[in-house]
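Everything on this sheet refers to the single structure shown next.
The values are calculated or read from the model by the stated rules, or taken from the named source; none is laboratory data. Quantities reported herein were computed from a predicted structural model and do not represent experimental measurements. Using ideal geometry, Cβ is built from the backbone for each residue, glycine included, and neighbour counts are taken over all protein chains shown.
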Amino acid sequence: MSPRALQALAPASTDPAFIRNFCIIAHIDHGKSTLADRMLQITGAVSDRDMRAQYLDRMDIERERGITIKSQAVRMPWELDGQTYALNMIDTPGHVDFTYEVSRSLAACEGAILLVDAAQGIEAQTLANLYLALENDLTIIPVLNKIDLPAADPEKYIKEIVGLIGCKPEDILLVSGKTGVGVPELLDRATQLIPAPVGDADAPARAMIFDSVYDAYRGVITYVRMIDGSLKPREKIMMMSTKSAHEVLEIGVSSPEPSPSKGLGVGEVGYLITGVKDVRLSKVGDTVTSFAKPATVALKGYSEPMPMVFSGVYPIDGSDYPVLREALDKLKLSDAALVYEPETSVALGFGFRCGFLGLLHLEIVTERLEREFGLDLIATAPSVIYEVTTDDKRTTTVTNPSEFPGGKIASVSEPIVSASILTPKDFVGTVMELCQGRRGTMLGMEYVGEDRVDLKYTMPLGEIVFDFFDQLKSRTAGYASLDYEPSGDQVADLVKVDILLQGEAVDAFSAIVHRDKAYAYGVLMTERLKKLIPRQQFEVPIQAAIGARIIARESISAMRKDVLAKCYGGDITRKRKLLEKQKEGKKRMKMVGRVEVPQEAFIAALSGDTEAKKEKK
Amino acid sequence: MPSALPLADPAPLDGLLPASAAEGASSRNFGVYLHVPYCRVRCGYCDFNTYTADELRGAKRSDYAGQAIEEVHQARAVLDASGLPDRAVSTVFFGGGTPTLLPVTDLAEMLHAVVGTWGLVPGAEVTTEANPDSVDLDYLLALRAAGFTRVSFGMQSAVPHVLATLERTHDPARIPLVVEWARQAGLQVSLDLIYGTPGETLADWRVSVEHALAQRPDHISAYALIVEDGTKLARQIRRGEVETPDDDTQADMYELADRLLAAAGYSWYEVSNWARVDETDAGGQRHRSRHNLAYWQGHDWWGVGPGAHSHVGGVRWWNVKHPAAYAERIAAGHSPAIGRETLDDETRRVERVLLLVRIREGIPTSELTPAGRLAVAGLIADELIVPADALRRRVTLTLRGRLLADAVVRRLLEA
């Protein structure tokens, strides 16, 4: 039980004046989950015995990567000056791929704890989320975390935060999520400063969905923030975007285990379960209202998830295609942003074109497919959405280079983003070089604190999805951080580069690149493939081409020797077994025309492993 | 023979063969291989079943001939009891190890045991391997007197630094001597060469081939060096002390050898074997090793000695490897066989393809599956097989095909 609040306030009958809704804005690794754990413990929401590190992050992948994908909300009791409060902590995703989800989580709060690692300072993503929080008029409570670390430099980062948000140095709390130092003071401060929620208890119910999670046993669990009115168990509700109606089977709060309640009132945060099995019926940002007495105006800020990055996902073993289909069907129940449709590749066989919110989302989905469904997958190079207009004025939407129209191209338009890169000042030159190389246009440059710089660029998204983040990290010793958001489209001189083996285009290797970079891409891929494809019984030319024009070529010379010198009485059994093994090995080969290409070559060529290995040597 | 034995079924203690082994036996030749598992030193590239000590856990080198003779007697009993017809021996081959490390009287006794047990067909081929530095004229004369017809010298190279890398101890200057002595003794002569040794250049290899040809042997084998796991050479390569010659260099060496050998009147009859074709030898068969051909043509043979492999009518087995374990089994009157496999029809067909493709006469297309017969067209297009022969329904390798013989086999067996 809480050391202070002996009696928690009951949901559905809590005066909004005693409710505080807040979230934590932090960069990956800055200790958000650890701090949340400590709050759960100190408020008594979770007993020490049940404490599990990073309680709120449920999925294995999240725990392993130390990042939160799915946010949840926890109700914690807290007492200040003899009054008991209900604190709702809303856990937010911390990655740029999930900006929309973050914005909805923020919209469910009145305050935000700005959590900064006292040894690392603020990062680009945090700045982006802080910006969103200010846009939502949230009260910001700045906190330096990890003050127990020997490398902590609170003074330096206090200055940095002061410079950013214009607070006073003494407004910044020093805490350690690990040891718990400063956490009670932080809870006090949140209770004092964060405004109570305001809403009309008598108006038709309006609740904003800020998250929905698929649970194998209970179906979709929808997390909501009540704005106006109230919702009760057994009540029939309606989703305002789809007009779909469902009965509330259970309603309650997480504390942090789900705890059914008599309902949710104004300003409260909780969950509801309707038995729905697909998260698409419970969309983040949508408004839940009463079916019997519906609201007329939905809450603002709802938008459909927009896939930004596309990749072909193929099973390595072609016979796994049905398993992949089933796996995607299951995954989509818990991931409203995942879209996919069947696709066929000459080189890779049957698979799916999948759309993702961003690169991390892509990685998480493929990793879940592999881990939870035991699949071995190849993902093609990520692509963005191009609008290609041909001379006959027809426009095609291209998410896969193979859809790039042939013939005369009038124009190609590509998505652009505005990117913010936060880097130690020593790396400014190298970051600028990288951005210019990626067709970035600099918009501005600002010092954050004494030794860090925030660089603003507009850049084609296609350049970012192509290994930009890895490059940024490796060129800045891991210090730079990146945030970006869509900022429209631009027309650019883009071409499709095909890679041909023995004159035959390998669709999986085609890419849409800027004309100035076509040659470099062609050289890169032909050189890579030359290293990766074993010699055949004939010469194999590898070419890169724009249309019919060859821009780069390599060649794999024919294998000249493939014979066991000795095959006498004692060798025959061994020789036969070797032959059987080679036959097995051939099953892992994909045929491109007559050329046998090992699966590993596809994977390596698409992931760029060859150069990485070379660098390591 | 390779050091690692295959995984297979256990062999029965009495060594008896299933009835299927006798089917069609009268149309197959019968040969005997005798393994001598001793060497004076172990060469760095060698993974054969051989030992350098005189005495191993109670197995004495001097007792070995007696044990081998005991297995010969056992073999006769097993074949008779398994319903095999009485067949005289077509070929005998003593291999090792170094058979000539034994006193010549031991080899003679072992051969006499074979002859006494089964008899020899007229004109039978009786070969022993020999190290150039383990024989002299008297030894060779004694071999001939005992009934040997042929000797195969492990020459390997004529270039000192190559021999040193291989850890061969003989002086190249000894080759002309031993060849001359063997000829005086009335023995046919074969020379074994190895190419692709670390550090060996194409020019080195040419010296070795020319040196071998200068002796006008009846037969030459040239093997690409196979670096076997577990050998000293494999360790040296792994540690980067010596560099393996790449496949392209080895291919160049093979092509050079084939060219030099052909110009000197030697004709290939198996991927790694060439026989001298005399003017009077119309079929080019005279100097081929008939014992080795029997392996490729699927005849029967009994392999005597530790680790030796045998094949009779689709049943293949192999003996325990260690001479001491072998001696124990023989002494107990048990079969020394430790593993065996009985090949089904499909496996026998696969083996026929993979073995027959290696020899000059190749394989008739009638022995291929329909898919295999279709693959023939692609092999012609890729210049791997001789078009004229293919049109006569026979798959025979071109020079390029010989170097890619394993790939040819895979394509013939695909689907």
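Details
- Hits in region B:197-246 - residues which are over 22 Å from the mean Cα position of the chain (by Cα) and in contact (Cβ under 8 Å) with a residue 60 or more places away in the chain: B:Lys232, B:Gln236, B:Val242
- Some residue of region A:530-546 being assigned by TED's automatic domain parsing to the domain that holds A:Gln502, assigned to a loop (DSSP other than H, G, I, E, B), of a type in the set (A, V, I, L, M) and touching a residue at least 40 places away in the same chain (Cβ under 8 Å): yes
- Residue ID - modelled with the highest pLDDT, chosen from residues in region A:331-355 that are charged (D, E, K, R) and under 13 Å from A:Thr366 (Cα atoms): A:Arg353
- Region A:536-556, subset under 21 Å from B:Gly378 (Cα atoms) and among the polar types (S, T, N, Q), residue modelled with the highest pLDDT: A:Gln536
- Qualifying residue in region A:355-372 (condition: over 17 Å from the mean Cα position of the chain (by Cα) and within 19 Å of A:Val465 (Cβ to Cβ)): no
- Criterion applied to B:Gly116, B:Gly123, B:Gly147, B:Gly97 was being over 26 Å from B:Leu213 (Cβ atoms), crowded, with 23+ Cβ neighbours inside 10 Å and not polar (S, T, N, Q), and the one residue passing it is B:Gly97.
- Single match in A:Ile227, A:Ile251, A:Ile221, A:Ile158 (criterion: in contact with a helix residue (DSSP H, G or I) (Cβ under 9 Å, 6 or more places away or on another chain) and either touching a residue at least 40 places away in the same chain (Cβ under 8 Å) or aliphatic (A, V, I, L, M) (or both)): A:Ile158
- Condition met for B:Ala257 (touching a residue at least 40 places away in the same chain (Cβ under 8 Å), in a helix (DSSP H, G or I) and not assigned by TED's automatic domain parsing to the domain that holds B:Leu397): yes
- Every listed requirement among (1) surrounded by 20 or more Cβ atoms within 10 Å (Cβ to Cβ); (2) within 12 Å of chain B (Cβ to nearest Cβ); (3) modelled with pLDDT under 90 is met by A:Leu606 save one, (2).
- Considering region A:565-593, and only residues there that are in a strand (DSSP E or B) and surrounded by 14 or more Cβ atoms within 10 Å (Cβ to Cβ), the residue that is nearest to the other protein chains (Cβ to nearest Cβ) turns out to be A:Met589.
- Answer residue from region A:502-543, given it is of a type in the set (Lys, Arg) and out of contact with any strand residue (DSSP E or B) (no Cβ under 7 Å at 6 or more places or on another chain) and is nearest to the other protein chains (Cβ to nearest Cβ) among those: A:Lys531
- Residue that is surrounded by the most Cβ atoms within 10 Å (Cβ to Cβ), among those in region B:311-339 that are touching a Pro at 6+ places or on another chain (Cβ under 7 Å) and within 14 Å of another protein chain (Cβ to nearest Cβ): B:Asn319
- Output for region B:271-309, where each listed residue is over 24 Å from B:Ile194 (Cβ atoms), among the aliphatic types (A, V, I, L, M) and either out of contact with any strand residue (DSSP E or B) (no Cβ under 6 Å at 6 or more places or on another chain) or away from chain A (no Cβ under 12 Å) (or both): B:Ala282
- Selection from region B:365-403 of residues that are under 25 Å from B:Ala262 (Cα atoms), not hydroxyl-bearing (Ser, Thr, Tyr) and not in a helix (DSSP H, G or I): B:Asp382, B:Glu383, B:Leu384, B:Ile385, B:Val386, B:Arg392, B:Arg394, B:Val395, B:Leu397
- The residue of region A:415-464 that is nearest to the chain's Cα centre (by Cα), among those that are hydroxyl-bearing (Ser, Thr, Tyr) and crowded, with 21+ Cβ neighbours inside 10 Å, is A:Ser420.
- Here B:Arg349 does not qualify as outside the structural domain of B:Leu202 (by TED's automatic domain parsing), under 22 Å from B:Leu384 (Cβ atoms) and in contact with a Cys (Cβ under 7 Å, 6 or more places away or on another chain).
- Note on region B:370-396: residues that are out of contact with any Pro (no Cβ under 6 Å at 6 or more places or on another chain) and either among the aromatic types (Phe, Trp, Tyr) or within 14 Å of chain A (Cβ to nearest Cβ) (or both) amount to 11.
- Filter pass, A:Asp211 being surrounded by 20 or more Cβ atoms within 10 Å (Cβ to Cβ), charged (D, E, K, R), over 30 Å from A:Val453 (Cβ atoms) and at pLDDT below 90: yes
- Taking the listed residues B:Leu404, B:Leu412, B:Leu399, the one that is buried (at least 19 other Cβ atoms within 10 Å of the Cβ) and either within 9 Å of chain A (Cβ to nearest Cβ) or more than 23 Å from B:Asp345 (Cα to Cα) (or both) is B:Leu404, with no other qualifying.
- Residue identified as buried (at least 18 other Cβ atoms within 10 Å of the Cβ) and either farther than 24 Å from B:Ser289 by Cα or within 14 Å of chain A (Cβ to nearest Cβ) (or both) among B:Tyr45, B:Tyr38: B:Tyr45
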